[in-house]
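K.L.:
My structure is below; once you've seen it, I'll send some questions.
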Amino acid sequence: MKSNNDLKIPYILLFSMLALLNFSSCKDDEPVDPNQTDTVTYVTTVDVDSTDISIGLEAKDGPIHTGYNDLVLHFFNTETKEAISTREIMIKPMMKMTEMTHSSPIEEHNRSADAGSLAFNPVFIMPSTEMGTWTLKIAFEDQEGHSYNVVIPIDVVENSPPLLKRTLDTNSVPYFISILNTDEFKVGQNEIEFTIHRRQDMMNFPAEEVMSLSIKPWMPTMGHGSPNNVNPVHVENGHYRGTVNFTMTGLWEIEVLLTKEGTEFSAPVVFEHTL
Ligand SMILES: [Cu+2]
(Lines give C-alpha, C1' and ligand atoms only; values in the text may rest on other atoms or scores of the structure.)
Protein backbone atom coordinates (compact mmCIF):
# COMPACT_ATOMS: atom_id res chain seq x y z
CA MET A 1 0.00 0.00 0.00
CA LYS A 2 2.80 2.36 1.00
CA SER A 3 4.64 2.09 -2.30
CA ASN A 4 1.43 2.52 -4.25
CA ASN A 5 0.71 5.81 -2.51
CA ASP A 6 4.26 6.95 -3.10
CA LEU A 7 3.76 6.46 -6.81
CA LYS A 8 0.41 8.16 -6.86
CA ILE A 9 1.71 11.50 -5.59
CA PRO A 10 3.78 12.37 -8.68
CA TYR A 11 0.83 11.45 -10.89
CA ILE A 12 -1.48 13.73 -8.94
CA LEU A 13 1.10 16.54 -9.24
CA LEU A 14 1.48 15.87 -12.95
CA PHE A 15 -2.25 15.94 -13.58
CA SER A 16 -2.63 19.13 -11.57
CA MET A 17 0.09 20.72 -13.66
CA LEU A 18 -1.55 19.52 -16.86
CA ALA A 19 -4.86 20.97 -15.74
CA LEU A 20 -3.25 24.34 -14.95
CA LEU A 21 -1.50 24.41 -18.31
CA ASN A 22 -4.73 23.64 -20.09
CA PHE A 23 -6.69 26.38 -18.38
CA SER A 24 -4.04 29.02 -18.82
CA SER A 25 -3.61 28.47 -22.53
CA CYS A 26 -7.11 27.56 -23.57
CA LYS A 27 -7.21 29.40 -26.91
CA ASP A 28 -8.21 26.34 -28.88
CA ASP A 29 -9.52 22.95 -27.90
CA GLU A 30 -6.13 21.25 -28.24
CA PRO A 31 -4.76 20.56 -24.76
CA VAL A 32 -1.14 21.55 -24.22
CA ASP A 33 0.85 18.44 -23.50
CA PRO A 34 4.27 18.90 -21.92
CA ASN A 35 5.05 15.28 -22.85
CA GLN A 36 4.79 16.07 -26.54
CA THR A 37 7.68 16.94 -28.84
CA ASP A 38 7.42 17.54 -32.58
CA THR A 39 6.05 14.20 -33.65
CA VAL A 40 5.98 11.89 -30.66
CA THR A 41 3.56 11.86 -27.75
CA TYR A 42 5.08 10.34 -24.64
CA VAL A 43 3.19 8.32 -22.06
CA THR A 44 5.68 9.67 -19.55
CA THR A 45 9.07 11.36 -19.43
CA VAL A 46 11.78 11.23 -16.78
CA ASP A 47 14.89 13.38 -16.32
CA VAL A 48 18.01 11.39 -15.53
CA ASP A 49 19.40 12.71 -12.21
CA SER A 50 22.31 15.19 -12.47
CA THR A 51 22.51 14.98 -16.27
CA ASP A 52 20.95 16.84 -19.19
CA ILE A 53 19.43 13.59 -20.43
CA SER A 54 15.70 12.91 -20.47
CA ILE A 55 13.92 9.73 -21.47
CA GLY A 56 10.48 9.69 -23.09
CA LEU A 57 8.38 6.55 -23.29
CA GLU A 58 6.17 6.15 -26.36
CA ALA A 59 3.37 3.57 -26.66
CA LYS A 60 2.62 2.80 -30.31
CA ASP A 61 -0.50 0.70 -29.85
CA GLY A 62 -2.70 2.63 -27.44
CA PRO A 63 -2.47 2.69 -23.65
CA ILE A 64 0.09 0.31 -22.13
CA HIS A 65 -1.91 -2.86 -21.55
CA THR A 66 -1.68 -6.46 -20.40
CA GLY A 67 -0.30 -8.57 -23.23
CA TYR A 68 2.07 -7.65 -26.05
CA ASN A 69 3.06 -3.96 -26.35
CA ASP A 70 4.92 -1.87 -28.95
CA LEU A 71 6.92 0.64 -26.91
CA VAL A 72 9.77 3.00 -27.80
CA LEU A 73 12.31 4.69 -25.53
CA HIS A 74 13.53 8.12 -26.68
CA PHE A 75 16.74 9.58 -25.21
CA PHE A 76 17.03 13.35 -25.66
CA ASN A 77 18.60 16.51 -24.27
CA THR A 78 16.36 17.93 -21.55
CA GLU A 79 16.72 21.52 -22.82
CA THR A 80 17.20 21.27 -26.59
CA LYS A 81 15.14 18.06 -27.06
CA GLU A 82 17.83 16.84 -29.47
CA ALA A 83 18.19 13.07 -29.68
CA ILE A 84 21.05 11.53 -27.68
CA SER A 85 22.61 8.26 -28.77
CA THR A 86 23.07 5.70 -26.00
CA ARG A 87 24.29 2.12 -25.73
CA GLU A 88 24.42 -0.94 -23.45
CA ILE A 89 20.71 -0.46 -22.88
CA MET A 90 18.98 -2.96 -20.60
CA ILE A 91 15.25 -2.85 -19.91
CA LYS A 92 13.54 -4.86 -17.17
CA PRO A 93 9.82 -4.58 -16.45
CA MET A 94 9.25 -4.94 -12.71
CA MET A 95 6.07 -5.31 -10.69
CA LYS A 96 6.19 -4.59 -6.98
CA MET A 97 3.42 -6.38 -5.15
CA THR A 98 2.58 -6.48 -1.46
CA GLU A 99 4.28 -9.79 -0.88
CA MET A 100 6.80 -10.03 -3.70
CA THR A 101 8.40 -8.58 -6.79
CA HIS A 102 8.31 -10.10 -10.25
CA SER A 103 9.16 -9.25 -13.83
CA SER A 104 7.36 -10.06 -17.10
CA PRO A 105 8.37 -11.33 -20.54
CA ILE A 106 10.27 -8.88 -22.74
CA GLU A 107 11.56 -9.63 -26.21
CA GLU A 108 15.24 -9.35 -27.14
CA HIS A 109 15.94 -5.79 -28.26
CA ASN A 110 18.87 -3.77 -29.59
CA ARG A 111 21.36 -2.71 -26.95
CA SER A 112 22.12 0.64 -28.55
CA ALA A 113 20.01 3.61 -29.62
CA ASP A 114 22.26 5.31 -32.19
CA ALA A 115 19.59 7.77 -33.27
CA GLY A 116 18.29 8.19 -29.71
CA SER A 117 15.36 5.77 -29.91
CA LEU A 118 14.91 2.09 -29.17
CA ALA A 119 11.84 -0.05 -29.88
CA PHE A 120 11.05 -2.87 -27.47
CA ASN A 121 8.22 -5.31 -26.79
CA PRO A 122 7.28 -6.24 -23.23
CA VAL A 123 4.39 -8.61 -22.45
CA PHE A 124 2.75 -7.37 -19.26
CA ILE A 125 1.22 -10.27 -17.36
CA MET A 126 -1.02 -8.33 -14.99
CA PRO A 127 -2.59 -4.86 -14.85
CA SER A 128 -1.52 -2.21 -12.33
CA THR A 129 -3.77 -2.41 -9.28
CA GLU A 130 -3.90 -1.38 -5.64
CA MET A 131 -1.95 -4.57 -5.00
CA GLY A 132 0.85 -4.07 -7.48
CA THR A 133 2.61 -1.32 -9.43
CA TRP A 134 4.79 -1.55 -12.55
CA THR A 135 8.05 0.16 -13.37
CA LEU A 136 10.55 -0.14 -16.19
CA LYS A 137 14.11 -0.43 -14.88
CA ILE A 138 16.41 1.07 -17.50
CA ALA A 139 20.21 0.88 -17.51
CA PHE A 140 22.25 2.58 -20.24
CA GLU A 141 25.58 4.23 -21.08
CA ASP A 142 26.16 7.59 -22.73
CA GLN A 143 28.79 8.14 -25.44
CA GLU A 144 31.49 8.78 -22.81
CA GLY A 145 30.78 5.40 -21.23
CA HIS A 146 29.10 6.72 -18.09
CA SER A 147 26.41 4.35 -16.95
CA TYR A 148 23.03 5.29 -15.55
CA ASN A 149 20.08 3.57 -13.94
CA VAL A 150 16.59 4.96 -14.22
CA VAL A 151 13.24 3.74 -12.98
CA ILE A 152 10.16 4.76 -14.98
CA PRO A 153 6.78 4.26 -13.25
CA ILE A 154 4.14 3.05 -15.69
CA ASP A 155 0.46 2.24 -15.55
CA VAL A 156 -0.68 -1.01 -17.19
CA VAL A 157 -4.40 -1.36 -17.96
CA GLU A 158 -6.37 -4.49 -18.70
CA ASN A 159 -7.63 -4.35 -22.27
CA SER A 160 -11.30 -5.17 -22.79
CA PRO A 161 -11.48 -7.92 -23.92
CA PRO A 162 -8.18 -9.18 -22.45
CA LEU A 163 -5.33 -9.68 -24.94
CA LEU A 164 -3.38 -11.98 -22.61
CA LYS A 165 -4.33 -15.31 -21.08
CA ARG A 166 -2.57 -17.33 -18.42
CA THR A 167 -2.75 -21.10 -18.39
CA LEU A 168 -0.94 -24.00 -16.74
CA ASP A 169 0.79 -27.02 -18.27
CA THR A 170 0.30 -30.46 -16.74
CA ASN A 171 3.08 -29.69 -14.20
CA SER A 172 1.30 -26.47 -13.16
CA VAL A 173 3.93 -24.22 -14.80
CA PRO A 174 2.29 -20.94 -15.89
CA TYR A 175 2.29 -19.97 -19.59
CA PHE A 176 1.27 -16.57 -20.95
CA ILE A 177 -0.42 -16.37 -24.35
CA SER A 178 -0.88 -12.99 -26.05
CA ILE A 179 -2.96 -12.30 -29.12
CA LEU A 180 -1.54 -9.62 -31.46
CA ASN A 181 -2.96 -7.13 -33.96
CA THR A 182 -6.65 -7.73 -33.18
CA ASP A 183 -7.34 -4.16 -34.36
CA GLU A 184 -6.76 -5.38 -37.90
CA PHE A 185 -9.35 -8.20 -37.77
CA LYS A 186 -12.11 -7.99 -40.39
CA VAL A 187 -14.78 -10.29 -41.79
CA GLY A 188 -13.10 -13.01 -43.85
CA GLN A 189 -9.64 -14.57 -43.70
CA ASN A 190 -7.21 -12.93 -41.25
CA GLU A 191 -3.66 -13.55 -40.23
CA ILE A 192 -3.74 -14.45 -36.53
CA GLU A 193 -0.64 -14.17 -34.36
CA PHE A 194 0.16 -15.18 -30.79
CA THR A 195 3.20 -15.04 -28.53
CA ILE A 196 3.82 -17.66 -25.85
CA HIS A 197 6.08 -17.23 -22.81
CA ARG A 198 6.70 -19.58 -19.90
CA ARG A 199 7.34 -18.50 -16.33
CA GLN A 200 10.73 -20.02 -15.52
CA ASP A 201 10.95 -18.07 -12.26
CA MET A 202 9.74 -14.68 -11.04
CA MET A 203 12.40 -12.83 -13.08
CA ASN A 204 12.65 -14.93 -16.26
CA PHE A 205 9.95 -15.63 -18.82
CA PRO A 206 11.53 -17.27 -21.89
CA ALA A 207 9.73 -17.47 -25.23
CA GLU A 208 8.30 -20.94 -25.93
CA GLU A 209 9.22 -22.11 -29.41
CA VAL A 210 8.13 -25.76 -29.43
CA MET A 211 4.37 -25.51 -28.93
CA SER A 212 1.64 -26.82 -31.19
CA LEU A 213 -1.48 -24.68 -31.38
CA SER A 214 -4.94 -25.64 -32.48
CA ILE A 215 -7.44 -22.82 -32.96
CA LYS A 216 -11.22 -22.95 -33.14
CA PRO A 217 -13.26 -19.79 -33.78
CA TRP A 218 -16.79 -19.98 -32.45
CA MET A 219 -19.85 -17.69 -32.40
CA PRO A 220 -21.38 -18.38 -28.98
CA THR A 221 -24.60 -16.47 -29.69
CA MET A 222 -25.27 -18.39 -32.91
CA GLY A 223 -23.70 -21.76 -32.15
CA HIS A 224 -21.43 -22.12 -35.16
CA GLY A 225 -17.78 -22.01 -36.08
CA SER A 226 -16.10 -21.43 -39.42
CA PRO A 227 -14.23 -23.46 -42.06
CA ASN A 228 -10.75 -22.93 -43.53
CA ASN A 229 -8.80 -21.95 -40.43
CA VAL A 230 -5.07 -22.66 -40.39
CA ASN A 231 -3.46 -23.57 -37.07
CA PRO A 232 -0.68 -21.15 -36.08
CA VAL A 233 2.89 -22.46 -36.33
CA HIS A 234 6.06 -21.12 -34.77
CA VAL A 235 7.73 -18.34 -36.77
CA GLU A 236 10.46 -17.07 -34.44
CA ASN A 237 11.05 -15.89 -30.90
CA GLY A 238 7.86 -17.44 -29.49
CA HIS A 239 5.62 -15.94 -32.20
CA TYR A 240 3.04 -18.24 -33.81
CA ARG A 241 1.17 -17.31 -36.98
CA GLY A 242 -1.83 -18.85 -38.72
CA THR A 243 -5.13 -17.93 -40.37
CA VAL A 244 -8.52 -17.37 -38.78
CA ASN A 245 -11.74 -17.11 -40.76
CA PHE A 246 -14.46 -14.85 -39.35
CA THR A 247 -17.44 -15.51 -41.61
CA MET A 248 -19.66 -12.71 -40.24
CA THR A 249 -19.83 -9.73 -37.88
CA GLY A 250 -20.59 -10.22 -34.18
CA LEU A 251 -18.93 -11.76 -31.15
CA TRP A 252 -16.34 -14.45 -31.85
CA GLU A 253 -14.56 -16.66 -29.36
CA ILE A 254 -11.15 -17.92 -30.41
CA GLU A 255 -10.35 -21.12 -28.57
CA VAL A 256 -6.65 -22.01 -28.50
CA LEU A 257 -5.58 -25.48 -27.41
CA LEU A 258 -1.88 -25.83 -26.57
CA THR A 259 0.20 -28.96 -26.88
CA LYS A 260 3.83 -29.22 -25.81
CA GLU A 261 5.97 -32.16 -26.84
CA GLY A 262 2.92 -34.33 -27.38
CA THR A 263 1.17 -33.45 -24.12
CA GLU A 264 -2.04 -31.48 -24.38
CA PHE A 265 -2.76 -28.77 -21.82
CA SER A 266 -5.83 -29.64 -19.78
CA ALA A 267 -7.97 -26.71 -20.97
CA PRO A 268 -7.90 -24.37 -23.96
CA VAL A 269 -7.58 -20.60 -23.51
CA VAL A 270 -10.32 -18.49 -25.04
CA PHE A 271 -9.92 -15.00 -26.50
CA GLU A 272 -12.87 -12.85 -27.51
CA HIS A 273 -13.21 -10.44 -30.39
CA THR A 274 -16.22 -8.54 -31.64
CA LEU A 275 -16.36 -7.59 -35.31
CU1 LIG B 1 2.06 -8.83 -10.27
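K.L.:
Along each of its three principal axes, how wide is the spread of alpha-carbon positions in the range 171-211, in whole angstrom units, largest first?
P.N.:
Here the spans come out as 39, 18, 16 Å, largest first.
K.L.:
Using just the C-alpha positions of the range 89-128 as equal point scatterers, what log10 of I(q)/I(0) does the Debye formula give at each q in 0.27 1/Å?
P.N.:
-0.94
K.L.:
Can you tell me what the convex hull of the Cα atoms of the range 78-232 projects to on average, as an area in nm²?
P.N.:
Averaged projected hull area, Cα only: 13.5 nm².
K.L.:
If I model a spin label at Met203 and Asp155 as a point 7 Å from the Cα along the Cα→Cβ vector, what separation in nanometres do I get?
P.N.:
Roughly 3.0 nm, to one decimal.
K.L.:
At 222 nm, what value in deg cm²/dmol follows for the chain if DSSP H runs of at least 4 each add -39500 (n - 2.57) and the sum is divided by all its residues, to the nearest 500?
P.N.:
Working: 1 runs with 23 residues, N = 275.
Estimated from H runs of four or more residues: -3000 deg cm²/dmol.
K.L.:
Oh, and also: So what is the relative contact order of the chain, in percent, for Cα pairs below 8 Å that sit 6 or more residues apart? Before the final figure, lay out the partial values.
P.N.:
On the way: 611 pairs, mean separation 35.9, N = 275.
Value for the chain: 13 percent.
K.L.:
Still on this structure, I have one more. Can you give me the relative contact order of the range 127-275 as a percent, contacts being Cα pairs under 8 Å and 6 or more apart?
P.N.:
Relative CO of the range 127-275 lands at 20 percent.
K.L.:
Could you tell me which of the pairs Lys60/Lys96; Lys165/Lys186; Lys81/Lys165; Lys60/Lys81; Lys92/Lys165 are separated by over 29 angstrom between their Cα atoms in the structure shown?
P.N.:
Lys81/Lys165
K.L.:
Express the Stokes-Einstein translational diffusion coefficient of the chain in µm² s⁻¹, to the nearest whole number, given a Kirkwood radius over alpha-carbon pairs, 4 °C and a viscosity of 1.567 mPa s.
P.N.:
In µm²/s, the coefficient is 63.
K.L.:
In a shell of Cβ-Cβ distance under 13 Å around Ser214, excluding Ser214 itself, what net charge do Lys and Arg (+1) and Asp and Glu (-1) give?
P.N.:
Computed value for this residue: 0.
K.L.:
Return the sequence-ordered ³J(HN,Hα) values of the range 107-114 in whole Hz as given by the Karplus equation 6.51 cos²θ - 1.76 cosθ + 1.60 applied to θ = phi - 60°, using x for Gly and Pro.
P.N.:
6, 3, 9, 4, 8, 10, 10, 5
K.L.:
Then there is this: Run the accessible area of the chain with a 1.4 Å probe and give the carbon-and-sulfur part as a rounded percent.
P.N.:
That fraction is 51 percent.
K.L.:
Per residue, how much accessible area does the chain show when a 1.4 Å probe rolls over the protein heavy atoms, in square angstrom?
P.N.:
Accessible surface, normalised per residue, equals 54 Å².
K.L.:
Can you give me the distance in nm between label points at Thr98 and Lys216, each placed 7 Å from the Cα along the Cα-to-Cβ direction?
P.N.:
Using points 7 Å along Cα→Cβ, the separation is 3.9 nm.
The values are calculated or read from the model by the stated rules, or taken from the named source; none is laboratory data. Only a predicted model underlies this, so the values are computations on that prediction, with no experimental measurement involved. Note that we place each Cβ from the backbone using ideal geometry, even for glycine, and neighbour counts take in every protein chain shown. We work out accessible area using only protein heavy atoms, side chains counted, and drop any ligands, DNA or RNA first. Shrake-Rupley method; radii C 1.70, N 1.55, O 1.52, S 1.80 Å.
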